[in-house]
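Each remark here refers to the structure printed beneath this line.
The values are calculated or read from the model by the stated rules, or taken from the named source; none is laboratory data. Here the structure is a predicted model, which is why all the values come from computation and not from measurement. Cβ sites come from the backbone with ideal geometry, for glycine too, and all protein chains shown count toward neighbours. When the accessible area is computed, the model is the full protein with side chains, heavy atoms only, and any ligands, DNA or RNA have been set aside. Shrake-Rupley method; radii C 1.70, N 1.55, O 1.52, S 1.80 Å.
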Amino acid sequence: MNTPSSRTSPPLVIGLTGGIGSGKSAAADRFVELGASLVDTDAIAHALTAPRGAAMAAIRAQFGAELIAEDGSLDRAAMRARVFADAAARRQLEAILHPLIGAESARQRLAAQGLYVILAVPLLIESGDYRARCDRVCVVDVPPEIQIERVRARSALDEAQIRAIMAAQASREQRLAAADDVIDNSGTFEHLREQVDALHLRYSALAAQRA
């Protein structure tokens with residue numbers, strides 16, 4: 001793996017996105033193995049909604065104790081059911097979380113010391129703010145039927161729930177239209193790694209040009 005280096009200019013930022021079950025995490029992990037820094041908005045959101053997380057007081061005040069788990073964290077299953085049934089509740093939750101996630105992701109990007117930054121954002125295409133922070137957008141792409149199959153294999157969600165989540169995300173066509181680079185993850189893990197490795201060489205060269 002390449003070693004981190006100091007820099008005098010802002011890091012190259014690659015926005016990494018894809019629908020649920022696409023394999024974003026596997027791609028991100030490989031980029032990190034090769035020397036990139038990872039800023040993961042899902043991980044940031046989980047930290048904010050963990051016990052004593054920075055978002056929990058506002059969530060409790062807005063939604064009540066019924067959406068708080070016994071350990072003081074967000075009851076994610078209950079909140080998922082709430083926001084998918086109530087668009088207003090979803091906007092309320094986003095109004096709490098998005099500014100906090102945005103601030104923390106910006107802090108992590110500026111502190112990153114890797115060759116470049118992978119900014120992993122599930123809703124990157126839907127969010128103009130995140131898109132504007134990226135130098136390039138990389139989409140991990142799989143057909144919808146593979147998304148459903150993979151999510152069912154790893155979670156307790158049924159097909160109707162998975163399709164509801166997919167419907168709330170950008171369509172496959174919208175993601176591909178916004179992509180500068182595409183990783184086809186419909187095949188084997190080895191095929192995924194080969195594509196990430198090739199993109200790493202390209203991103204490293206781009207990062208070197210601005211260092």
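How large is log10 of I(q)/I(0) for the chain at q = 0.16 Å⁻¹ when the intensity is taken from the Debye formula with one equal scatterer per alpha-carbon? Each listed q maps to, in turn, -1.14. Averaging 1/r over each pair of different alpha-carbon atoms in region 170-211 and inverting the result gives 11.9 Å, the Kirkwood hydrodynamic radius.
Given 105, 121, 137, which one lies farthest toward the positive end of the charge dipole of region 83-150, if we put +1 on the Cβ of every Lys and Arg and -1 on the Cβ of every Asp and Glu? So the residue furthest toward the plus end is 105. With R₀ fixed at 25 Å, the C-beta to C-beta distance from residue 159 to residue 50 puts the FRET efficiency at about 0.30. For region 1-98, the solvent-accessible area of protein heavy atoms averages 49 Å² per residue (probe radius 1.4 Å; ligands and nucleic acids excluded). When all protein chains stay in place and ligands, DNA and RNA are ignored, the 1.4 Å accessible-area order of 130, 116, largest first, is 130, 116.
Protection proxy ranking, highest mean first, for peptides 15-22, 194-201, 27-34: 15-22, 27-34, 194-201, where packing is the per-residue count of other beta-carbon atoms within 10 Å, averaged. Coordinate range of the alpha-carbon atoms in region 1-120 per principal axis, descending: 47, 28, 26 Å. Computed on the chain, with alpha-carbon pairs under 8 angstrom and 6+ residues apart, the relative contact order is 36 percent.
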